[in-house]
Amino acid sequence: MSTNEQADVVVVGLGPGGEYAAGTLAEAGLDVVGVEAELVGGECPYWGCVPSKIMIRAGNLLAEAGRIHALAGEAVVTRVRRAAHAA
């Protein structure tokens, strides 16, 4: 099956910069086609800094929760298991 499509711009690579460029061009009224071999957004949202920051923040919050008794009374940290369908 062969089709001919036309666009004003083709953005190759939809990492953070390409995703931003494609969005900005589309908002300006251009027809944009984006080409990406992996996941849109690049490495950071999926494997890099975003997942790391979430885990680091969670660890820091647990550490802070352990200090509450010295500041304002007792605190209990419990694990909450989410059902697979709610995740």
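The values are calculated or read from the model by the stated rules, or taken from the named source; none is laboratory data. Predicted model only: the values in this text are computed from it and were never measured. Please note: Cβ atoms are built from the backbone with ideal geometry, for glycine as well, and neighbour counts cover all protein chains shown. The protein model used for the area step is the full one, side chains on, heavy atoms only, and it has no ligands, DNA or RNA in it. Shrake-Rupley method; radii C 1.70, N 1.55, O 1.52, S 1.80 Å.
Test of understanding: among 22, 65, 28, which residue is over 23 Å from the mean Cα position of the chain (by Cα) and at pLDDT 85 or above?
Sole residue among the options that is over 23 Å from the mean Cα position of the chain (by Cα) and at pLDDT 85 or above: 28.
With respect to residue 20, is the statement that it is under 30 Å from residue 79 (Cα atoms), open to solvent by 90 Å² or more (accessible area, probe 1.4 Å) and out of contact with any Pro (no Cβ under 6 Å at 6 or more places or on another chain) true?
no
Matching residues to (1) part of a helix (DSSP H, G or I); (2) within 23 Å of the chain's Cα centre (by Cα); (3) aromatic (Phe, Trp, Tyr); (4) modelled with pLDDT under 80:
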residue: 7; (1), (2), (3), (4): no, no, no, no
residue: 17; (1), (2), (3), (4): yes, yes, no, no
residue: 53; (1), (2), (3), (4): yes, yes, no, no
residue: 70; (1), (2), (3), (4): yes, no, no, yes
